Amino acid sequence: TSALGDLAGAIGCLRYQAECIDKLYGEVAPTGDNALGLVLREPLGVVACIVPWNFPLMMTAWKIAPALAAGNSVILKPSEKSPLSALRLASLAREAGLPRGVFQVLPGFGHTVGKALALSMEVDCLAFTGSTGVGKQLMQYAGQSNLKKVFLECGGKSPNLVFADCKDLDRVAQHAAAAIFHNQGEVCIAGSRLLVE
């Protein structure tokens with residue numbers, strides 16, 4: 001079911017962001033009588049996306065769909081453990097008419113390809129999902145290069161809270177087990193702690 005959830009989540013994200021493409025409006029900012037403030041939304045340029053292996057399509061869609069919808073070009077570095085779905089997606093994007101170079105997949109290891117993307121002066125933004133340690137390294141690389149924008153989704157602890165007035169402990173137990181063991185526990189938001197009053 002994880003593979004089906006991954007595919008359904010990716011499709012939903014791509015459809016949602018595609019619907020947003022013609023809805024990125026500018027704004028007139030409130031100012032005094034003697035000034036005019038305009039807010040424009042412009043693409044950043046080249047966005048490098050580094051995604052993990054646990055939900056390869058959904059994580060890819062979460063990164064590339066908004067970046068492409070906002071008018072950026074994207075270089076995707078999939079996990080070296082799960083590059084095939086990203087390569088297939090790039091092939092489908094090209095077949096659908098996405099111009100050459102707008103969406104590229106660059107497989108390889110994080111310590112070589114990921115580092116090169118983070119240090120590149122040609123990359124304007126970096127989006128990453130993975131460990132806190134690697135996230136810290138990527139922030140350093142961004143600072144050492146062109147001070148590119150960096151968006152991180154790093155690992156953490158996600159508690160399940162059960163209070164004394166809980167009416168259905170059997171149901172809570174089922175959900176607590178699913179929260180930590182879904183997809184073999186390989187989920188960024190897995191319920192890794194259970195706090196019971």
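The values are calculated or read from the model by the stated rules, or taken from the named source; none is laboratory data. Model, not experiment: these values are computed from the prediction. In this analysis, Cβ positions are derived from the backbone assuming ideal geometry, glycine residues included, and neighbour counts consider all displayed protein chains. Surface areas here come from the heavy atoms of the whole protein model, side chains and all, with no ligands, DNA or RNA. Shrake-Rupley method; radii C 1.70, N 1.55, O 1.52, S 1.80 Å.
Within the stretch 14-24, not a single residue is among the acidic types (D, E) and either open to solvent by less than 30 Å² (accessible area, probe 1.4 Å) or in contact with a helix residue (DSSP H, G or I) (Cβ under 8 Å, 6 or more places away or on another chain) (or both). The number of residues in the stretch 122-144 being part of a helix (DSSP H, G or I) and of a type in the set (G, A, S) comes to 4. Restricting attention to the stretch 36-85, the residues that are polar (S, T, N, Q) and within 13 Å of G108 (Cα to Cα) total 2. Whenever a residue of the stretch 122-151 is of a type in the set (S, T, N, Q), it has no partner that is at pLDDT below 95 and loosely packed, with under 13 Cβ neighbours inside 10 Å lying with C-beta atoms less than 7 angstrom away and at least six residues away or across chains. Contact annotation: residue pairs with Cβ atoms under 7 Å, 6 or more positions apart or on different chains, pairing a residue in the stretch 22-43 that is under 20 Å from I64 (Cα atoms) and not assigned by the TED database to the domain that holds A70 with a partner that is part of a loop (DSSP other than H, G, I, E, B) and open to solvent by 100 Å² or more (accessible area, probe 1.4 Å), are L24/R41. The lone criterion from (1) surrounded by 12 or more Cβ atoms within 10 Å (Cβ to Cβ); (2) more than 30 Å from E42 (Cα to Cα); (3) touching a strand residue (DSSP E or B) at 6+ places or on another chain (Cβ under 7 Å) left unmet by P159 is number (1). In this structure, does Q184 turn out to be surrounded by fewer than 15 Cβ atoms within 10 Å (Cβ to Cβ), polar (S, T, N, Q) and at pLDDT below 90? In short, yes. When you scan the stretch 70-77, do you find a residue that is at pLDDT 95 or above and either basic (K, R) or not in a strand (DSSP E or B) (or both), even just one? Within the stretch 70-77, one or more residues are at pLDDT 95 or above and either basic (K, R) or not in a strand (DSSP E or B) (or both).
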